[in-house]
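Worksheet: one structure, shown below.
The values are calculated or read from the model by the stated rules, or taken from the named source; none is laboratory data. Keep in mind that this is a model prediction, so the values were computed, not measured. Because the Cβ atoms are built from the backbone with ideal geometry, glycine has one as well, and the counts that use them run over all protein chains shown. All accessible areas refer to the heavy atoms of the entire protein, side chains included, with ligands and DNA or RNA removed. Shrake-Rupley method; radii C 1.70, N 1.55, O 1.52, S 1.80 Å.
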Amino acid sequence: MSDDTPLIRINSNSNIRKYSEDESEYYLDQDDDLSHYGLFTKFIAYVLCIILGLGTLYFFTIFLPDTFIPESTDLVGIQKISNINVYLNPISQERVSELQMGVKNVGSPEQYDEYENENEQDYQSITDSKLKPVERIILIGDIHGHYTQFRKLLSSINYKKETDHLIVLGDFITKGPDSSKVLDYLIANDIDCILGNHEYYVLQNYALFHNLDQPFFVIPQENNDISLAESYEFKIKDNFNSDPEYILARKLQPEHVKYINHCSVIKHLGDVPVVKSKSTSFAPGIAVHAGIRWDLELNEQDPEDNLEMRSYLGPYFNETTSDPSEEDAISWSKIFNMKQKERASNGDNTLVVYYGHDAHRGLNIKRYAKGIDSGCDAGKQLTAMVIWKESHISKKGKENILFKEKSFQVQC
Ligand SMILES: *[C@@H]1O[C@H](CO)[C@@H](O)[C@H](O)[C@H]1NC(C)=O
């Protein structure tokens with residue numbers, strides 16, 4: 001029986017030996033056993049170290065950057081001036097009430113000005129087949145990442161992307177809590193935009209972070225060529241690493257950057273209401289973030305003025321400043337409005353400007369300059385200016401087109 005199972009006998013012998021010998025010898029045996037295991041353990045450990053090392057290398061050089069640093073996209077020229085691709089189709093009074101714009105003090109949106117075109121002005125309707133007819137043009141001032149209030153404002157005016165043309169007037173990102181959500185919504189709904197100074201700073205910081213050429217401006221020519229305009233100086237802040245615009249720029253996805261990059265500095269809106277004390281007529285309108293120089297043609301404007309200005313500098317008002325407390329500074333819209341009134345009384349062409357940027361002066365509606373940054377980021381209001389044409393049929397069956405606009409606000 002013992003001959004049949006030699007292995008068991010050796011094992012049992014060895015067991016007997018171990019238990020019969022003193023402790024030190026026993027432990028010596030154990031050490032010997034471990035050092036035999038050692039070669040294999042060391043081999044496993046080396047392999048594990050190599051795998052761990054490669055894994056760490058992959059994690060820090062490929063996985064992390066791919067996950068947290070978005071791919072970069074090259075910047076294209078920012079259009080200094082462009083045309084809106086829609087026109088206002090006149091809507092009936094019934095449709096206006098459906099949109100809850102004709103009734104005073106309905107629901108939560110506060111209502112401000114309502115102007116009516118009382119004079120018998122015949123208006124030649126636009127019939128350009130390249131343009132899409134819409135019921136309303138809606139302009140919204142500086143949203144600054146306040147996504148919730150932005151959506152609240154849109155639902156209060158019954159915004160429909162199919163029948164409205166919405167344009168955000170710049171500074172729709174930075175400062176507030178949800179810049180990315182605002183961007184995603186603007187992109188998903190194909191919303192039109194004007195470049196603000198904060199979008200421009202973010203593009204500058206984006207170029208810095210991804211090592212790209214700094215953003216620049218282009219002027220489209222009639223023959224579809226473009227001419228380059230100077231970009232204005234990039235003022236890198238000393239603490240740019242903690243600059244909120246730099247932090248936002250680092251997180252931007254290529255589609256965000258492409259969206260911001262395609263916003264124009266100035267946009268032609270077509271004819272808009274010109275509100276006088278007893279009547280409303282119309283004149284060409286434009287949208288811009290901060291303002292324009294009254295003494296220069298639109299294609300001669302300097303983008304730095306258009307993105308930053310708040311005041312003209314006297315005595316000639318042919319220079320601008322972003323600092324209204326500067327000596328000889330006077331609100332640009334005040335002078336601009338005065339100059340346009342002079343032009344109108346001389347029978348010259350006039351221009352109506354819708355702008356944002358000046359939260360300090362708040363909602364500031366003049367005949368030819370309409371400021372609609374009402375300070376949402378400072379906890380005040382977010383404003384939408386809604387522009388439409390209303391078709392009125394007289395008792396004699398004659399159609400009269402009225403130019404109308406009204407501002408709506410939500411509390412921020
Ligand atoms: C502003 O206008 C005055 C008077 O016409 C002129 O002397 C001055 O050079 C102008 N300044 C600028 C910056 O164009």
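What the table shows:
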read-out	value
Residue in region 337-344 that is small (G, A, S) and in contact with a helix residue (DSSP H, G or I) (Cβ under 8 Å, 6 or more places away or on another chain) present	no
Checklist (1) of a type outside the set (S, T, N, Q); (2) closer than 17 Å to R367 by Cβ; (3) free of Cβ contacts under 8 Å to residues at least 12 places away in the same chain applied to E300, failing item	(2)
Failed condition for V274, given (1) closer than 19 Å to L363 by Cα; (2) within 16 Å of the ligand (Cβ to nearest atom)	(2)
Conditions (1) at pLDDT 95 or above; (2) more than 29 Å from the chain's Cα centre (by Cα); (3) over 22 Å from G270 (Cβ atoms): number failed by G314	(1)
Residue under evaluation S277, criteria (1) open to solvent by less than 70 Å² (accessible area, probe 1.4 Å); (2) at pLDDT below 95, criterion not met	(1)
Qualifying positions in region 201-221 - open to solvent by 40 Å² or more (accessible area, probe 1.4 Å) and farther than 17 Å from S264 by Cα	L208, F209, N211, D213
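A quick yes/no check of all residues on (1) in contact with an Asp or Glu (Cβ under 7 Å, 6 or more places away or on another chain); (2) of a type in the set (G, A, S); (3) at pLDDT below 90:
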{"residue": "G102", "(1), (2), (3)": "no, yes, yes"}
{"residue": "D113", "(1), (2), (3)": "no, no, yes"}
{"residue": "E118", "(1), (2), (3)": "no, no, yes"}
{"residue": "Y123", "(1), (2), (3)": "no, no, yes"}
{"residue": "I126", "(1), (2), (3)": "no, no, yes"}
{"residue": "K130", "(1), (2), (3)": "no, no, yes"}
{"residue": "H144", "(1), (2), (3)": "yes, no, no"}
{"residue": "K152", "(1), (2), (3)": "no, no, no"}
{"residue": "N158", "(1), (2), (3)": "no, no, no"}
